[in-house]
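Structure first, commentary second.
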Amino acid sequence: MTREWLLTDAPQTRRQARLGALYQGWLTFRANRLAVLGLVILVLLLLIAAFAPWISPQNPFAQDLADRLKPPSAQHWLGTDALGRDILSRLIHGSRVTLFIVGTVALIAPVIGLFIGTVAGFAGGWVDQVLMRVTDIFLAFPKLILALAFVAALGPSIANAVLALAVTSWPAYARLARAETLTIRNADYIAAARLQGAGPLRLLIGHIWPLCVSSLIVRVALDMAGIILSAAGLGFLGLGAQPPTPEWGAMISDGRTYILDFWWVAAMPGMAIFVVSLAFNFLGDGLRDVLDPKGGRE
């Protein structure tokens, strides 16, 4: 009965319609098994990061030179690094750094891009030209190179790495939001709201932004893998998290010297980056099927 109530073609209340839409979206998402796998991996990552101090087998900062560069064993499941630190424990605590960077960038960059893109598309004229030319300037440079320049100017730290990635990531969202705005700014319901006395700010916030959010969510989920790789690249170059903070890119950098003889030092954090990036891509595909069916698979 509950399923029939949710899937009815004639909902009796607004609450029933919303719950039915959510349930239908979940059914579409669940049909994509890879998307479900990506969601499960990311939920596990969130749980690992949340309970890192309790599930970490050892202190991630404790050094033991007598156990340096030990291969995976019962005592150290993923081996130890050049300072004898347990790699598994450092990966577990490093998930917090990765999620902090990814989450903060995912909150800042789309908001900036949404605001600039919708204002440019809705206003048009010289406002559109100025904002889009600024966007084109940012897009003219490779994202990682531009982020390197920002971090080099501001100084190496996690906060500066997040700021650099956010500043270099917003242009793609601005272009997407502008394209969405151009397709809906002359719609009948926008004209009706304008005739009812709605001002430009109310039209943007109440009518245009909600229609752009779904596309931005899909783009953010698909871009998370790139953000993780960019953050790892900054850490690899020593411009992100500073020692002894466990960060996956920095861990790969520490292990590159020993990669031929002690492969696990660099391979384990590399595998973690690969799995999480793949999970975000799977999740993004599933969200695209739900939120943007016109742009889904043929």
Given the Cα atoms of segment 152-298, and with Rh set as the inverse mean 1/r over their pairs in the Kirkwood sense, what is Rg to Rh to two decimals? 1.15
By how many degrees, 0 to 90 and rounded to 10, does the Cα axis of helix 33-50 deviate from the longest principal axis of the chain? 60 degrees
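From the gyration tensor of the Cα coordinates in the chain, what semi-axes in whole Å does the equivalent ellipsoid have, largest first, with each one equal to sqrt(5λ)? Before the final figure, lay out each step's value.
On the way: eigenvalues 350, 137, 38 Å².
Taking √(5λ) for each Cα gyration eigenvalue gives 42, 26, 14 Å.
In µm²/s, what is D for segment 76-138 at 4 °C and 1.567 mPa s, where D = kT/(6 pi eta Rh) by Stokes-Einstein and Rh is the Kirkwood radius from Cα pairs?
Numbers: Rh = 15.0 Å.
The Stokes-Einstein estimate is 86 µm²/s.
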Kirkwood Rh, segment 199-286, all Cα pairs: how many Å? 15.1 Å
Report, in deg cm²/dmol and to the nearest 500, the calculated mean residue ellipticity at 222 nm for the chain, where each DSSP H run with n ≥ 4 adds -39500 (n - 2.57) and the sum is divided by the residue count. -23500 deg cm²/dmol
For segment 131-149 and segment 160-233, what is the centre-to-centre distance using only Cα atoms, to the nearest Å? 18 Å
Of the residues Gly84, Ala153, Leu283, the Cα lying farthest along the dipole of the chain towards its positive end, which is defined by charges on the beta carbon of Lys, Arg, Asp and Glu, belongs to Leu283
Express in whole angstrom the spacing between the alpha-carbon centres of segment 2-53 and segment 262-288. 23 Å
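Which whole-number percent gives the relative contact order of the chain, counting Cα pairs below 8 Å spaced six or more residues apart? Intermediate values should be presented prior to the final figure.
Working: 426 pairs, mean separation 69.8, N = 298.
After rounding, I find 23 percent.
Here, each number is a calculation from the coordinates, and none is a lab measurement. This one's a predicted model, so the numbers in the text were calculated from it and none came from an experiment. Counting neighbours? That spans all protein chains shown, and the Cβs are built from the backbone with ideal geometry, glycine included.
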